[in-house]
Amino acid sequence: MKKLVNYCSIIFLLLVATSQVKAQSVDVVIRENGTERKESIDLPKSMTYPLDSLLNDWKAKNYIDLGKDCSTAEINPLFSDSVYIDRLSRIPAIMEMPYNDIIRKFIDMYAGRLRNQVSFMLSACNFYMPIFEEALDAYGLPLELRYLPIIESALNPSAVSRAGASGLWQFMIGTGKIYGLESNSLVDERRDPIKATWAAARYLKEMYDIYGDWNLVIAAYNCGPGTINKAIRRANGETDYWKIYNYLPKETRGYVPAFIAANYVMTYYCDHNICPMETNIPASTDTVQVNKNLHFEQIADLCNVPLDQIKSLNPQYKKQMIPGDSKPYTLRLPIDAISTFIDKQDTIYAHRADELFRNRKTVAVKEITPSTRKTTAAVAGKGKLTYYTIKSGDTLSTIAGKYGVTIKDIQRWNGMSNTKIAAGKRLKIYK
């Protein structure tokens with residue numbers, strides 16, 4: 001590490017990019033110095049997502065063919081440690097890809113119990129890897145980091161953790177805002193694959209400028225730099241991830257091994273009899289600027305684009321509405337619908353607008369004037385007129401008793417509709 005980070009100097013970064021949600025645990029046998037010990041490690045969140053939840057995304061349902069999953073077999077061949085060591089060493093990577101019993105356990109999980117999820121993610125890579133690689137390359141970051149969202153979200157753009165982290169890169173709201181991702185009741189740019197990827201690349205670069213070690217960077221992505229700094233201090237200043245390993249939270253202990261295992265299985269999946277599900281590449285898309293409030297149903301009605309497709313292409317809009325009145329926003333549509341939208345945009349903005357946008361810009365409040373206010377006319381009584389000035393603590397009951405009249409008499413004489421009185425006011429009394 002280039003320098004031990006001062007806690008106060010990076011307080012803004014302590015908003016963790018991912019959530020620390022307790023996941024399922026796995027027992028790992030660790031061998032060192034001729035002895036063995038069993039350790040329980042929390043699995044990263046993505047390893048607990050069932051395949052059904054990953055296939056709910058519109059793109060997955062429409063472009064991944066579950067009936068044509070090549071030749072993925074149930075049998076996962078096992079290999080010796082030397083084979084895994086050799087294969088990891090041959091991955092063209094800047095980042096360190098070492099091997100040990102913990103990493104072996106995660107490789108076995110991806111290639112074994114999670115092999116159907118791996119088959120899905122290999123197909124989903126067609127949607128997202130070009131986006132990841134462009135941003136990482138622009139920031140000069142190792143392209144191996146393109147597999148980080150596999151650990152974070154299993155390449156599910158709709159993934160939301162119980163702690164509130166969202167999107168492919170699982171940003172928390174606070175961290176997302178620091179890196180330019182807008183979050184409000186209508187818009188959540190953490191769900192935007194492109195904007196969130198560029199924000200993640202910037203975050204990772206800033207973390208590397210601090211630590212100078214990629215294992216520490218991705219560990220910090222999981223648990224936050226404050227936790228990493230604490231582990232470094234507890235390990236007497238050691239800055240090697242594997243030397244501070246035992247001082248890290250349980251989930252973070254499994255995070256780096258899972259990342260290395262993901263790089264392995266996404267490179268050597270064929271050797272484990274895993275094949276990508278059949279993928280039909282989606283048609284090209286393009287964007288237009290929206291400068292007025294726009295509802296997805298307006299687009300679907302007049303541009304002949306299915307509502308679910310519009311939602312999938314624009315996941316950052318939480319309520320199917322683009323608040324263009326507040327500022328310009330981007331709308332992504334299939335390329336053949338872009339010209340239709342541009343030609344008909346005035347008609348589209350007006351279509352069903354009164355029905356879909358019910359929030360009023362102004363509200364009139366009818367003022368109640370003496371002529372419209374319900375009043376009770378005062379009626380003169382018999383006898384001599386006397387005026388009584390109300391004192392603090394008086395009630396109509398005590399005043400009526402004092403003059404030997406009824407409460408209703410006083411109300412009738414003074415045009416009162418109730419028994420409320422105020423000190424200092426005068427009442428007519430006929431006696």
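The values are calculated or read from the model by the stated rules, or taken from the named source; none is laboratory data. Not measured: the values here are computed from a predicted model. Backbone-built Cβ (ideal geometry, glycine too); neighbour counts: all protein chains shown. Each accessible area value is taken on the protein alone, full model and side chains, heavy atoms only, with ligands, DNA and RNA left out. Shrake-Rupley method; radii C 1.70, N 1.55, O 1.52, S 1.80 Å.
Structure values in brief
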read-out	value
Sole residue being under 20 Å from the mean Cα position of the chain (by Cα) and among the acidic types (Asp, Glu), chosen from Glu96, Glu182	Glu182
Hey, Ser158 of a type in the set (Gly, Ala, Ser), under 20 Å from Tyr49 (Cα atoms), open to solvent by 40 Å² or more (accessible area, probe 1.4 Å) and in the same structural domain as Phe106 (by the TED database) or not	yes
Where Asp213 falls short, out of the listed (1) at pLDDT below 95; (2) open to solvent by 10 Å² or more (accessible area, probe 1.4 Å)	(1)
Spans of helices (runs of 4 or more DSSP H) in region 35-133 with at least 1 residues modelled with pLDDT of 90 or more	81-89, 101-111
Hey, Lys344 open to solvent by 50 Å² or more (accessible area, probe 1.4 Å), assigned to a helix (DSSP H, G or I), within 30 Å of Ala124 (Cβ to Cβ) and out of contact with any Phe, Trp or Tyr (no Cβ under 6 Å at 6 or more places or on another chain) or not	no
Test: residue in region 356-375 that is open to solvent by less than 90 Å² (accessible area, probe 1.4 Å), at pLDDT 90 or above and touching a helix residue (DSSP H, G or I) at 6+ places or on another chain (Cβ under 9 Å)	yes
Residues of region 179-210 satisfying the condition of being farther than 18 Å from Ala135 by Cα and either open to solvent by less than 30 Å² (accessible area, probe 1.4 Å) or part of a helix (DSSP H, G or I) (or both)	Ser183, Val187, Asp188, Ile210
Residue check, Leu294 outside any helix (DSSP H, G or I) and on the phi < 0 side of the Ramachandran plot	yes
All positions within region 297-339 that are of a type in the set (S, T, N, Q), outside any helix (DSSP H, G or I) and either out of contact with any Lys or Arg (no Cβ under 8 Å at 6 or more places or on another chain) or open to solvent by 30 Å² or more (accessible area, probe 1.4 Å) (or both)	Asn304, Gln320, Ser326, Thr330
Among (1) outside the structural domain of Tyr349 (by the TED database); (2) open to solvent by less than 10 Å² (accessible area, probe 1.4 Å); (3) farther than 23 Å from Leu148 by Cβ, the one test that Val290 misses	(1)
Pairs with Cβ under 8 Å, 6+ apart, first in region 136-151 and under 13 Å from Arg202 (Cα atoms), second hydroxyl-bearing (Ser, Thr, Tyr)	Leu141/Tyr208
Scope region 107-120; condition open to solvent by 10 Å² or more (accessible area, probe 1.4 Å) and touching a helix residue (DSSP H, G or I) at 6+ places or on another chain (Cβ under 6 Å); matching residues	Asn116, Gln117
Whichever residue in region 238-250 is open to solvent by 70 Å² or more (accessible area, probe 1.4 Å) and not polar (S, T, N, Q) and, among such residues, is nearest to the chain's Cα centre (by Cα)	Lys250
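For (1) without any contact (Cβ under 8 Å) to a residue 40 or more places away in the chain; (2) closer than 28 Å to Arg87 by Cβ, each residue gets a yes or a no:
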site	(1), (2)
Lys205	no, no
Ile232	no, no
Lys243	yes, yes
Tyr269	no, yes
Thr285	no, no
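Matching residues to (1) hydrophobic (A, V, I, L, M, F, W, C); (2) touching a residue at least 12 places away in the same chain (Cβ under 8 Å); (3) surrounded by fewer than 23 Cβ atoms within 10 Å (Cβ to Cβ); (4) in a helix (DSSP H, G or I):
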{"site": "Ala220", "(1), (2), (3), (4)": "yes, yes, no, yes"}
{"site": "Asn236", "(1), (2), (3), (4)": "no, no, yes, no"}
{"site": "Thr252", "(1), (2), (3), (4)": "no, yes, no, yes"}
{"site": "Val265", "(1), (2), (3), (4)": "yes, yes, no, yes"}
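Per-residue answers, yes or no, for (1) under 26 Å from Phe127 (Cβ atoms); (2) charged (D, E, K, R):
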| site | (1), (2) |
| --- | --- |
| Pro276 | yes, no |
| Val290 | yes, no |
| Leu294 | yes, no |
| Ala300 | yes, no |
| Ile310 | yes, no |
| Asn314 | yes, no |
| Lys319 | yes, yes |
| Asp325 | no, yes |
| Arg358 | no, yes |
